[in-house]
Amino acid sequence: MKRRINVEDIGEFGLINYLSKTIKDNKSVVKGIGEDAAVINYSKTKYLLFTTDMLIENVHFKIKESSPYQIGWKALGCSLSDIASMGGIPLYALISLGVPKNLSFDFIKGIYSGIRKLANIFKVNIVGGDTDRADKLIVDVFLVGEVEKKKVVYRSGAKVNDIIAVTGSLGNSYKIKKHLKFLPRIKEARFLVNNFKINSMIDVSDGLSTDLFHILRESKKGAIIFDKKLPLARKATIEQALNEGEDFELLFTLSEKEAIRLSKNKKIAVRFIGKVTEDSGKIIFYSRKGVINGIRPKGFRHF
């Protein structure tokens, strides 16, 4: 008798890998499964970017610990962060809700208040969506953006000797509530792609170790990381910075020459935390005690 295989047996990465191999796209799809946003041929000079994020009660937020405004802000913010990691500009959003029947109408209005506020900051048009009854609150955002073909950035572009850089700070996101009030790095991403040659980029949503591993896997490269270079958030530990996630910062690589140029620029706060190597899939971590450890992705996974 054939043993039943559950989703938890193959894990989140295994499920994504299966889908990417079995779903076939036509030539209009430049990049599909495996990036922060799908990349679609649009015009001679631009691509369309499609991304979606589903936030589920008790998985991505807790109602007792989050205001409805914060839930709405985060829901749109997650998708905006994906558009940022591709170097793009957000344009239109569809908002779908799964709503428990005993949830108050004021709570729903609060969610949309947070969504509208963040949408106004980045000039995103809310153009529709869907509502259904659900046992738990679910907020699903589908976001469309655009990016110039010459400026789009993928996970797969890291090169040997690239410098690894990150915006902002990492770790302790839950305790300091950053995961509910972060400002997506759209402006920073646009500044980077407009002024520098960025070889690869991703947003730090599942943890630095996991998201760096995504870049290395797609680029077939390795990395060296120095813990003394990590920009720690207030009261954050190295473990939190590596694995906790929900920082929603930009993690990217660029050549040494471009990194030197960027280091002299005062318009964006960036920390250089390591270097890309040719050891495919291997991350070497230099601790403050001088110990060299290989690390594996230990950030958030759904399964």
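The values are calculated or read from the model by the stated rules, or taken from the named source; none is laboratory data. In this text the structure is predicted, and so the values were computed from the model without any measurement. No Cβ is skipped: glycine too gets one built from the backbone with ideal geometry, and neighbour counts run over all protein chains shown. When the accessible area is computed, the model is the full protein with side chains, heavy atoms only, and any ligands, DNA or RNA have been set aside. Shrake-Rupley method; radii C 1.70, N 1.55, O 1.52, S 1.80 Å.
Points to keep in mind about this one:
- L212 out of contact with any Ser or Thr (no Cβ under 7 Å at 6 or more places or on another chain), open to solvent by less than 10 Å² (accessible area, probe 1.4 Å) and within 18 Å of G157 (Cα to Cα): yes
- Residue count for the range 260-278, restricted to those that are of a type outside the set (A, V, I, L, M), within 23 Å of S219 (Cα to Cα) and open to solvent by less than 80 Å² (accessible area, probe 1.4 Å): 4.
- Filter result for the condition that a residue is more than 18 Å from the chain's Cα centre (by Cα), of a type in the set (K, R) and closer than 16 Å to A165 by Cβ, over K235, K228, K220: K228
- In this structure, K175 does satisfy being over 22 Å from K151 (Cα atoms) and of a type outside the set (S, T, Y).
- Those helices (runs of 4 or more DSSP H) lying entirely in the range 94-204 with at least 3 residues free of Cβ contacts under 8 Å to residues at least 60 places away in the same chain and either more than 18 Å from P231 (Cβ to Cβ) or open to solvent by 30 Å² or more (accessible area, probe 1.4 Å) (or both): 105-121
- Of everything listed in (1) open to solvent by less than 30 Å² (accessible area, probe 1.4 Å); (2) out of contact with any Phe, Trp or Tyr (no Cβ under 9 Å at 6 or more places or on another chain); (3) at pLDDT 95 or above, the single unmet condition for F61 is (3).
- Subset of the range 281-303 that is part of a loop (DSSP other than H, G, I, E, B) and open to solvent by 80 Å² or more (accessible area, probe 1.4 Å) - its residue that is modelled with the lowest pLDDT: F303
- Criterion violated by K257 - all others in (1) in contact with a Gly (Cβ under 7 Å, 6 or more places away or on another chain); (2) open to solvent by 30 Å² or more (accessible area, probe 1.4 Å); (3) not in a loop (DSSP other than H, G, I, E, B) satisfied: (1)
- Of the residues examined, D247 is one that is surrounded by 23 or more Cβ atoms within 10 Å (Cβ to Cβ), in a loop (DSSP other than H, G, I, E, B), modelled with pLDDT of 95 or more and acidic (D, E).
- Extreme residue, most open to solvent (accessible area, probe 1.4 Å), among residues of the range 15-38 that are in contact with an Asp or Glu (Cβ under 6 Å, 6 or more places away or on another chain) and at pLDDT 90 or above: D36
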